[in-house]
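Student: I'd like to ask you about the structure that follows.
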Amino acid sequence: MIETECNNIILLYKKTISENSGKFKVRVNGLEKALIDTHFKDGWGDCTVTEILEECDYKKTYEIEIEVISEEKDREVTILGVMVS
């Protein structure tokens, strides 16, 4: 879990053409904000992607939780950063 005080939260992660790509959930203050599949189906290669999780006009305290979804076999998930402002 990450705790931060900010106005905006953006997640930076990697989408990949690998069949080992996984999925993960992101919750902010206990509410599910995103269910992300990192598989870049029919893509030409790996890429980085941003996901806006929160936008606010004033600073608030946030708790950010990231949970990799379990599957029958091991999967890869790459989170490159959590950007706040």
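Student: Take the residues in the stretch 37-53 that are in contact with a Leu (Cβ under 8 Å, 6 or more places away or on another chain) and without any contact (Cβ under 8 Å) to a residue 40 or more places away in the chain; name whichever of them is surrounded by the most Cβ atoms within 10 Å (Cβ to Cβ).
Tutor: V49
Student: Given the structure, is T50 in a strand (DSSP E or B) and more than 11 Å from the chain's Cα centre (by Cα)? Please lay out each step first, then the result.
Tutor: On the way: in a strand (DSSP E or B): yes; more than 11 Å from the chain's Cα centre (by Cα): no.
Taking the combined requirement at face value, the residue does not satisfy it.
Student: For the stretch 1-32: of the residues being hydrophobic (A, V, I, L, M, F, W, C) and assigned to a loop (DSSP other than H, G, I, E, B), which is farthest from T78 (Cα to Cα)? Break it down stepwise before answering.
Tutor: First, pick out the residues of the stretch 1-32 that are hydrophobic (A, V, I, L, M, F, W, C): 1-2, 6, 9-12, 17, 24, 26, 28, 31.
In the following step, the residues that additionally are assigned to a loop (DSSP other than H, G, I, E, B) were identified as 1, 17.
Working: M1: 16, I17: 13 Å.
The qualifying residue farthest from T78 (Cα to Cα) is M1.
Student: Also, I was wondering about something else. May I ask you to list the residues in the stretch 1-36 that are under 14 Å from the mean Cα position of the chain (by Cα), exposed (fewer than 14 other Cβ atoms within 10 Å of the Cβ) and closer than 12 Å to M83 by Cα?
Tutor: Hit for the stretch 1-36 is I2, nothing else.
Student: Something else now. From the list Y62, Y58, which one is out of contact with any Phe, Trp or Tyr (no Cβ under 9 Å at 6 or more places or on another chain), part of a strand (DSSP E or B), loosely packed, with under 15 Cβ neighbours inside 10 Å and not small (G, A, S)?
Tutor: Numbers: Y62 fails: loosely packed, with under 15 Cβ neighbours inside 10 Å.
Answer to the selection: Y58.
Student: If you check every pair at least six apart or on different chains, which have Cβ atoms under 6 Å apart with a residue in the stretch 65-85 that is under 16 Å from K33 (Cβ atoms) and without any contact (Cβ under 8 Å) to a residue 60 or more places away in the chain first and a residue that is part of a loop (DSSP other than H, G, I, E, B) and hydrophobic (A, V, I, L, M, F, W, C) second?
Tutor: V68/V77
Student: Right, here's the next one. Any residue at all in the stretch 33-44 that is over 25 Å from E3 (Cβ atoms), of a type in the set (D, E) and part of a loop (DSSP other than H, G, I, E, B)? Steps first, answer last, please.
Tutor: From the stretch 33-44, those over 25 Å from E3 (Cβ atoms) are 37, 39-44; that's our starting set.
After this cut, where a residue has to be of a type in the set (D, E) as well, the list is 37, 42.
Imposing the further condition that a residue be part of a loop (DSSP other than H, G, I, E, B) reduces the set to 42.
Scanning the stretch 33-44, I find at least one residue that is over 25 Å from E3 (Cβ atoms), of a type in the set (D, E) and part of a loop (DSSP other than H, G, I, E, B), so the answer is yes.
Student: Mind listing whichever residues of the stretch 1-28 are in contact with a Phe, Trp or Tyr (Cβ under 6 Å, 6 or more places away or on another chain) and free of Cβ contacts under 8 Å to residues at least 40 places away in the same chain?
Tutor: K15, I17, V28
No value in this document is a laboratory result; all are computed from the given coordinates. Computed from a predicted structure; not experimentally measured. All Cβ positions, even for glycine, are placed from backbone atoms using ideal geometry, and neighbour counts span all protein chains on display.
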